[in-house]
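Each value in this text was obtained by applying a stated rule to the coordinates, not by laboratory testing. Owing to the predicted nature of the structure, the values given are computational and were not obtained by experimental measurement. We place every Cβ from the backbone using ideal geometry, glycine too, and count neighbours over all the protein chains shown.
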Amino acid sequence: MAAAKLLQQGVSQAEVARRLGVHRQSVIRWVRELRKSGRAGLKQAGRAGRKAKLSAADLQAIEQALKRGPQALGYETALWTAPRVARLIEQLCGVRYHPAHVWRLLGQLGWSCQRPAGRALERDEEAIQRWKKYRWPQLKKKPAGRTKPSSSSTRAG
């Protein structure tokens, strides 16, 4: 419907494809359908490709389980791996996914590939900030004042 709106505003087919992130052939097909059946024809097109195996409720349950962390499910480390997430999906929803495809689902949920930061429990953030602000500048070497330009200087002096 966004494409139909842009096309009716006089935006070129190539620009519609670019703005919507679709292939130009798709826009050409939509233009034909608009001419033939109007907007109603576009509504009837339906979803392309295979239907999703997971419902919105399934995705929400998966995300909640991911937020609890792998250790809540008995894993020793706090690192989600693709095989672990694939097992989680199968346990929760009864749907099998190859670990390589799990990354697409995680991206759909807004999750990215990250490792947890290993930080000491005793870490004192205030002390670290004080050290960075006051002690580090005292310790940091400062360049000595330049008296003569270097021999490689290109400026006329």
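Would you mind computing, in nm to one decimal, how far apart the modelled labels at ALA2 and LYS142 are, each placed 7 Å from Cα along Cα→Cβ?
For the pair ALA2/LYS142, the computed spacing is 5.4 nm.
So what are the ³J(HN,Hα) numbers for the stretch 6-17, from phi and the Karplus equation (6.51, -1.76, 1.60; θ = phi - 60°), rounded to whole Hz, Gly and Pro as x?
Each residue of the stretch 6-17 in turn: 5, 4, 5, 7, x, 6, 5, 4, 4, 5, 4, 4 Hz.
Counting alpha carbon pairs within less than 8 Å and at least 6 residues apart, what relative contact order, in whole percent, applies to the stretch 56-108?
Over the stretch 56-108, the number comes to 27 percent.
Quick one: length gained pulling ARG123 to ALA72 fully straight, 0.36 nm per residue minus the C-alpha distance?
Using 0.36 nm per residue and subtracting the Cα-Cα distance, I get 16.0 nm.
On a full-extension model of 0.36 nm per residue, what is the gain between HIS101 and CYS113, subtracting their alpha-carbon distance, rounded to one decimal in nm?
Between HIS101 and CYS113, full extension yields 3.0 nm more.
What's the exposure ranking of SER37, SER112, going from fewest to most Cβ atoms within 10 Å?
Ordered from fewest to most neighbouring Cβ atoms within 10 Å, SER37, SER112 come out as SER112, SER37.
Ordered by residue, what ³J(HN,Hα) values in Hz, to whole numbers, does the stretch 22-31 give under the Karplus form 6.51 cos²θ - 1.76 cosθ + 1.60, where θ = phi - 60° and Gly and Pro are x?
Coupling constants for the stretch 22-31: 10, 6, 4, 4, 4, 5, 4, 4, 5, 4 Hz.
Any idea how far apart ARG19 and ARG50 come out in nm if each label point goes 7 Å out from Cα toward Cβ?
For the pair ARG19/ARG50, the computed spacing is 3.4 nm.
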